[in-house]
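Here the structure comes first, spelled out in structure tokens, and everything after it is commentary.
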Amino acid sequence: MLPAYWFGQYLGAFIGSSIVLIIYTDAINAFDMGHRLVTGPNATAGIFATYPSDHISTAGSFFDQVLGTAILLMVIVAVTDERNMEVPKAIAPLLIGLAIFSVASGFGYNCGGAINPARDFSPRLLTSLTGWGSETFSVRNYWFWVPIIGPHIGGLIGAALYKLFVGIHWPPVHEITMISSQISRNEHIGLS
């Protein structure tokens with residue numbers, strides 16, 4: 001199931017970035033005069049994929065991606081954990097969206113805030129195929145692997161940290177359901 005989910009994300013990101021390219025081709029042409037550049041003042045590849053700022057090292061940008069994604073995954077696991085806070089399912093997407101916005105805003109300066117490999121790799125692949133060339137992958141000594149590997153590691157770390165510090169301290173879901181049912185029943189008959 002997980003590989004199908006990953007494939008869906010990569011495919012969706014490719015289709016989405018293709019739509020952006022179609023819609024903004026005239027604007028991109030006006031800006032870069034038809035010369036598709038990955039770096040420099042007239043570079044337009046950064047519209048689609050993430051690229052590191054000049055001031056950050058590969059190690060620094062890798063840590064940036066790991067930490068940002070770890071924070072995001074901790075929030076996602078906390079919001080979706082049935083044993084935690086009883087977050088209404090209707091509000092979970094809003095909370096996760098706010099977390100994505102916060103992490104992307106907080107970590108975007110260094111590397112563009114990829115925090116999802118599909119968000120970076122698929123648009124990068126599209127740009128390499130549509131005029132920007134292989135430099136989309138070779139720039140900064142083949143930096144493209146950072147927003148692919150970093151978020152995978154960060155996601156595992158974030159989920160593991162949540163489980164370590166919060167998740168293992170909760171009783172199993174079925175026990176919480178039984179306790180909640182008992183409390184509701186007692187409140188209903190006036191025993192609380």
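The values are calculated or read from the model by the stated rules, or taken from the named source; none is laboratory data. The structure presented is a predicted model; accordingly, all values stated were derived computationally and were not measured. With ideal geometry, Cβ positions are generated from the backbone for all residues, glycine too; neighbour counts draw on all protein chains shown.
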Q) What tally of residues in region 128-156 results from selecting those that are buried (at least 22 other Cβ atoms within 10 Å of the Cβ) and closer than 19 Å to GLY97 by Cβ? A) 2
Q: Keeping to region 39-64, report how many residues are under 22 Å from SER122 (Cβ atoms), in a helix (DSSP H, G or I) and not hydroxyl-bearing (Ser, Thr, Tyr).
A: 5
Q: For LEU125, indicate whether it is in contact (Cβ under 8 Å) with a residue 24 or more places away in the chain, surrounded by fewer than 21 Cβ atoms within 10 Å (Cβ to Cβ) and in a helix (DSSP H, G or I).
A: yes
Q: Tell me which of these ARG83 doesn't satisfy, since it passes every other one: (1) surrounded by 12 or more Cβ atoms within 10 Å (Cβ to Cβ); (2) at pLDDT below 95; (3) in a helix (DSSP H, G or I).
A: (3)
Q: Being on the phi < 0 side of the Ramachandran plot and out of contact with any helix residue (DSSP H, G or I) (no Cβ under 6 Å at 6 or more places or on another chain) narrows it down to one of SER57, SER53, SER61, SER17, so name that one.
A: SER57
**Q.** Out of LEU67, LEU95, LEU73, sole residue that is in a helix (DSSP H, G or I) and surrounded by 19 or more Cβ atoms within 10 Å (Cβ to Cβ)
**A.** LEU73
Q: Return the residue satisfying two criteria in turn: it lies in region 20-38 and is touching a residue at least 12 places away in the same chain (Cβ under 8 Å), part of a helix (DSSP H, G or I) and not hydroxyl-bearing (Ser, Thr, Tyr), and of such residues it is farthest from LEU129 (Cα to Cα).
A: PHE31
(Q) Condition first: in contact with a helix residue (DSSP H, G or I) (Cβ under 8 Å, 6 or more places away or on another chain), part of a helix (DSSP H, G or I), at pLDDT 95 or above and polar (S, T, N, Q). Can you find one or more residues in region 130-137 that meet it? (A) yes
Q) When GLY112 is evaluated against the numbered criteria (1) modelled with pLDDT of 95 or more; (2) surrounded by 14 or more Cβ atoms within 10 Å (Cβ to Cβ), which criterion, by number, is the only one it fails? A) (1)
(Q) I need every pair where a residue in region 1-19 that is within 12 Å of ASP120 (Cα to Cα) has its Cβ under 9 Å from the Cβ of a residue that is outside any helix (DSSP H, G or I), sequence separation at least 6 or different chains. (A) GLN9/ASN116; ALA13/ASN116; SER17/PHE48; SER17/ALA49
